[in-house]
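Asker: Take this structure, written in structure tokens, and hold onto it; I'll ask about it next.
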Amino acid sequence: MKTTDTISEGVAGDGPEPVPAPIAPERTGPGSRTAPGKKGEGQVLNVFSHGMLVIWAIMVVVPLLWAVMSSFKTDKTIFTEPWSLPDKLHFENWSRAWTEAHMSDYFLNTVLVVGGSLVGTLLLGSMAAYVLARFEFPGNRFIYFLFIGGMSFPVILALVPLFYVLQNMTLLNTLHGLILVYIAYSLPFTVFFLTAFFRTLPTSVAEAAFVDGASHTRTFFQVMLPMAKPGLISVGIFNFLGQWNQYLLPTVLNTDPEKKVLSQGLVQLAVSQGYKGDYSGLMAGLVMAMLPVLAAYIIFQRQVVAGLTAGAVK
């Protein structure tokens with residue numbers, strides 16, 4: 001017993017002590033989190049991106065501010081002191097552009113055309129996008145790619161056929177004819193955008209509506225369409241900007257002086273002055289045309305960002 005205990009004690013006492021594992025040196029290579037070069041590259045990229053954003057903001061904001069200031073100046077002050085603030089707010093420039101240059105009529109025509117085309121585009125585009133996103137049927141992908149192909153089709157190639165089609169349908173030089181053309185022009189992008197958005201919406205809500213006895217029509221209008229509100233606002237803003245600033249289509253398809261839209265009215269105001277040049281009235285009309293666009297984007301800015309991000313992540 002003593003021998004065994006002695007041997008055990010000797011074995012236990014004479015064995016080598018455990019050596020602690022060596023501590024790995026901290027990585028400082030390009031793939032490590034604390035790489036000094038990585039942090040420097042990120043700072044340089046951050047400064048460069050912010051610098052480009054500042055330059056872009058200056059390029060956009062300065063012309064807008066100059067147009068607003070010029071709309072309250074006289075023609076002489078616009079040329080002699082182009083960058084100075086107006087010494088007096090000449091609101092007669094705005095009244096002259098609104099009444100004498102018929103900007104009120106052009107503004108009303110534009111509101112009617114853009115408002116009608118927006119409602120039709122969002123209604124038809126959302127219905128088509130919902131069917132393409134939720135239902136599988138023969139030709140689904142073919143129809144979807146047809147809409148995508150319409151986005152790449154230059155509108156200038158369709159001007160002559162559109163002119164004769166509207167002429168044969170007695171829709172030439174009419175506001176409702178221009179509304180139909182705007183709807184057809186905006187549908188491809190609307191369907192493309194909303195199809196991707198409807199695919200991100202949960203199917204469980206629609207299935208629950210079907211279980212409760214709702215029809216496809218009721219499920220779409222009362223369940224899925226309210227859920228797609230951020231996407232509808234986003235694509236509505238994009239269509240509003242494109243249709244409000246549209247010039248080529250109304251110039252070819254709407255030559256009636258009493259039914260011209262704002263873009264045509266601004267060109268008419270600039271050309272009709274001849275050598276006289278009512279530049280203060282022209283700037284006032286230009287600001288009138290810009291204000292609805294700026295107001296719409298400022299009001300719905302958060303909804304636009306929410307719609308873009310919600311439609312990009314599934």
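The values are calculated or read from the model by the stated rules, or taken from the named source; none is laboratory data. Here the structure is a predicted model, which is why all the values come from computation and not from measurement. A quick note on method: Cβ atoms are made from the backbone with ideal geometry, for glycine too, and the neighbour counts reach across all protein chains shown. Areas reflect the complete protein model, heavy atoms only, side chains present, ligands, DNA and RNA absent. Shrake-Rupley method; radii C 1.70, N 1.55, O 1.52, S 1.80 Å.
Asker: Please verify whether the range 177-200 includes one or more residues that are touching a residue at least 60 places away in the same chain (Cβ under 8 Å), assigned to a helix (DSSP H, G or I) and of a type in the set (Lys, Arg).
Answerer: Yes, the conditions are met somewhere in the range 177-200.
Asker: Among the residues in the range 206-220, are any open to solvent by 40 Å² or more (accessible area, probe 1.4 Å), in contact (Cβ under 8 Å) with a residue 24 or more places away in the chain and out of contact with any strand residue (DSSP E or B) (no Cβ under 9 Å at 6 or more places or on another chain)? Give the derivation first.
Answerer: If we filter the range 206-220 for residues that are open to solvent by 40 Å² or more (accessible area, probe 1.4 Å), which is where we start, we get 207-208, 210-213, 215-218.
Of the ones still in play, those that are also in contact (Cβ under 8 Å) with a residue 24 or more places away in the chain are none.
No, that holds for no residue.
Asker: Same structure again: Could you give every pair whose Cβ atoms fall below 8 Å, whose first residue belongs to the range 77-94 and is in contact (Cβ under 8 Å) with a residue 24 or more places away in the chain and open to solvent by less than 100 Å² (accessible area, probe 1.4 Å), and whose second residue is part of a loop (DSSP other than H, G, I, E, B) and among the aromatic types (Phe, Trp, Tyr), counting only separations of at least 6 or pairs across chains?
Answerer: 90/72; 93/72
Asker: Ok, one more. As an exercise: evaluate residue 167 against (1) surrounded by fewer than 17 Cβ atoms within 10 Å (Cβ to Cβ); (2) under 26 Å from the mean Cα position of the chain (by Cα) and give the number of the one condition it does not meet.
Answerer: In the conditions (1) surrounded by fewer than 17 Cβ atoms within 10 Å (Cβ to Cβ); (2) under 26 Å from the mean Cα position of the chain (by Cα), residue 167 misses (2) alone.
Asker: Which of the residues belonging to the range 218-244 are out of contact with any helix residue (DSSP H, G or I) (no Cβ under 8 Å at 6 or more places or on another chain) and among the hydroxyl-bearing types (Ser, Thr, Tyr)?
Answerer: None - no residue of the range 218-244 is out of contact with any helix residue (DSSP H, G or I) (no Cβ under 8 Å at 6 or more places or on another chain) and among the hydroxyl-bearing types (Ser, Thr, Tyr), so the list stays empty.
Asker: Additional query: Return the only residue of 293, 261, 223 being of a type in the set (Val, Ile, Thr) and either within 17 Å of residue 105 (Cβ to Cβ) or touching a strand residue (DSSP E or B) at 6+ places or on another chain (Cβ under 8 Å) (or both).
Answerer: Among 293, 261, 223, only 261 is of a type in the set (Val, Ile, Thr) and either within 17 Å of residue 105 (Cβ to Cβ) or touching a strand residue (DSSP E or B) at 6+ places or on another chain (Cβ under 8 Å) (or both).
Asker: Going through 101, 97 one at a time, which residue ends up being outside any helix (DSSP H, G or I), touching a residue at least 60 places away in the same chain (Cβ under 8 Å) and of a type in the set (A, V, I, L, M, F, W, C)?
Answerer: Of the residues listed, the single one that is outside any helix (DSSP H, G or I), touching a residue at least 60 places away in the same chain (Cβ under 8 Å) and of a type in the set (A, V, I, L, M, F, W, C) is 101.
Asker: I'd like to know if the range 155-173 contains one or more residues that are within 19 Å of residue 244 (Cα to Cα) and touching a Lys or Arg at 6+ places or on another chain (Cβ under 8 Å).
Answerer: yes
Asker: Oh, and also: For residue 199, state whether it is at pLDDT 90 or above, more than 22 Å from the chain's Cα centre (by Cα) and either under 22 Å from residue 234 (Cβ atoms) or charged (D, E, K, R) (or both).
Answerer: So residue 199 fails the test.
Asker: Could you list, ordered by first residue, the pairs with Cβ atoms under 8 Å in which the first is in the range 293-314 and of a type outside the set (Asp, Glu) and the second is surrounded by 13 or more Cβ atoms within 10 Å (Cβ to Cβ) and at pLDDT below 80, at least 6 apart or interchain?
Answerer: Filtered contacts from the range 293-314: 297/304.
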